[in-house]
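Enquirer: Below is a structure I'd like to ask you about.
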Amino acid sequence: MAYAGGVTAAGCSRVTPGQLAAAAELAAEFLGQSGADALLADFAAHPELAIALTIDGTLAGVAFGHPDGEDGATLEGITVDDAHTAHGFGSLLLARFEQAAADAGYRNVNLGSGGGYVEHFYLKNGYQQAEYMVIIPDGDRQHLDLDGLDVLRERHWEPNDLVLNIAAPQGHSPAVKSELEQRLHASEVCCIFCKPITR
């Protein structure tokens, strides 16, 4: 089968121990060192949820995650080398991660997403937004305007960040995301997506 950009063979399979160093290097390049560290930790605990994309025999992408503590799997990170973006390989890699999660008995895949094209990638691949995760530096819940917001979870991150997970009953809405950022003086508002999966 011929692929775009002169690619002759592309496929996805579990990351092997022999691929781990290259996968961690790829994660570090595109997701930062924290991404590489997360890949190594996830691979050590749940190697069945670490998926490699190979193109013409070379590692070109990686997706990895872990259980979310309930009946779902969290996609911690996904990346495809810049030389192979915009050809559908990210969607191929994501679908293979979802299949690995389903094969392991999980019922959904959850993930947090940054803005812009990344959100559109997940929406295009069948994900629905369920929550916003709002990070408020030096946040004090008593001084916030939370009227009309359904706060699902609250926690504190070091040094003094308040993190609120807020329901997104309307689904994905850049306007609501922007409003939350301004209204709550947030440093970041992330979209939390979910997709049911089956074997």
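Read the figures in this text as sums done on the coordinates, not as results from a lab. Every value quoted in this text rests on a predicted model; they were computed, and no experiment measured them. Cβ coordinates were reconstructed from backbone atoms using ideal geometry, including for glycine residues, and neighbour counts include every protein chain displayed.
Enquirer: Using just the helices of the chain, give the 222 nm mean residue ellipticity in deg cm²/dmol: DSSP H runs with n ≥ 4 each add -39,500 (n - 2.57), and the total is spread over all residues, rounded to 500.
Expert: Here the helix-only value at 222 nm equals -9000 deg cm²/dmol.
Enquirer: R0 = 25 Å: FRET efficiency of Thr58 with Arg199, Cβ-based, nearest 0.05?
Expert: FRET efficiency, Thr58 to Arg199: 0.25.
Enquirer: Moving on. Separation between the Glu154 and Ala83 pseudo-spin-labels, each 7 Å from Cα along Cα→Cβ, expressed in nm?
Expert: Reported label-point gap for Glu154 and Ala83 is 5.1 nm.
Enquirer: In nm, what is the difference between 0.36 nm times the number of residues separating Glu29 and Glu70 and their Cα-Cα distance?
Expert: Contour length minus Cα-Cα distance gives 11.7 nm.
Enquirer: Would you please put 49-60, 137-148, 160-171 in order of how densely packed they are, using the mean number of other Cβ atoms within 10 angstrom per residue and starting with the highest?
Expert: The most tightly packed comes first, giving 49-60, 160-171, 137-148.
Enquirer: Using +1 at the C-beta of Lys and Arg and -1 at the C-beta of Asp and Glu, which of Asn165, Thr16, Ala45 has the Cα lying farthest in the positive direction of the dipole of the chain?
Expert: Positive-end residue among those listed: Thr16.
Enquirer: Ok, one more. Find how much the distance from Asp37 to Ala104 grows on full extension, using 0.36 nm per residue of separation minus their present alpha carbon separation; answer in nm with one decimal.
Expert: So the chain would gain 21.8 nm between Asp37 and Ala104.
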